[in-house]
Amino acid sequence: MITSNEYLRKIIHLFNLIIPFGYLFFIHEKWDMVILLTVFTCLFLFVEILRNKIGWIKSLFNSLFNSMLRGHELDGKLTGATWVLIGALTSIMLFSKPVAIIALIFMSLGDTTAGLIGQNFGKHKVGNKSWEGFFSGLTVCIIVAINFPLLPLTVSLAGALTAMIMELVPIPLDDNFKIPLGSGAIMMMLTTSA
């Protein structure tokens with residue numbers, strides 16, 4: 001069963017959609033978005049350093065966010081929020097605008113759905129993930145792909161499948177990084193070979 005803190009974490013994860021939607025509707029130039037995300041990424045990395053090096057900042061950070069952090073985030077590793085920014089910045093730098101946008105949407109919606117369904121209903125485990133989570137996240141990503149007009153449907157569908165495979169497989173990278181990078185790389189390969 002999922003705790004209320006985990007639900008809060010997932011709700012916050014949905015707010016990551018501000019990045020791809022901001023890029024789609026408000027910040028049209030790639031390098032303007034890169035500059036903005038670089039500033040925020042550096043700020044988050046600075047906070048990460050402070051929270052791991054200075055005792056009173058660590059205490060303050062933990063009192064505010066401890067209930068939402070995962071074990072590895074408490075042990076001095078980067079938080080999921082910082083990985084979101086690193087993944088978004090890298091995706092936007094490397095991929096075309098449509099590919100970066102949909103890859104980041106897959107990360108936000110697909111990963112959130114897979115986590116919620118997998119933790120609540122996951123009976124058939126694959127490591128610490130579940131097939132129920134995988135297929136629910138894939139369903140959401142397919143719906144996104146079908147309704148995303150900026151790429152050919154076959155490319156978007158391949159990205160959707162890759163995003164959820166990246167979520168499922170036990171590659172020792174944060175999902176917020178490996179999902180958009182993996183799905184984006186596949187979509188870029190398919191768009192350049194077409």
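Brief remarks on what is shown
- Residue match in the stretch 40-55 (condition: aromatic (Phe, Trp, Tyr), modelled with pLDDT of 95 or more and not in a helix (DSSP H, G or I)): no
- Residue that is outside any loop (DSSP other than H, G, I, E, B) and either under 13 Å from the mean Cα position of the chain (by Cα) or among the β-branched types (Val, Ile, Thr) (or both), where the choices are Ile117, Ile171: Ile117
- Among the residues of the stretch 75-98, those that are over 18 Å from Ile12 (Cα atoms) and either modelled with pLDDT under 75 or outside any loop (DSSP other than H, G, I, E, B) (or both) comprise Asp75, Gly76, Leu89, Thr90, Ser91, Ile92, Met93, Leu94, Lys97, Pro98.
- Filtered residues of the stretch 39-66 (kept if among the polar types (S, T, N, Q) and closer than 12 Å to Leu78 by Cβ): Thr41, Asn52
- Of the residues making up the stretch 161-177, just one is touching a residue at least 60 places away in the same chain (Cβ under 8 Å) and either surrounded by fewer than 21 Cβ atoms within 10 Å (Cβ to Cβ) or touching a His at 6+ places or on another chain (Cβ under 8 Å) (or both), namely Asp174.
The values are calculated or read from the model by the stated rules, or taken from the named source; none is laboratory data. Note that this is a predicted model, so its numbers are computed, not measured. Reconstructed Cβ throughout: ideal geometry from the backbone, glycine too, with neighbour counts over all protein chains shown.
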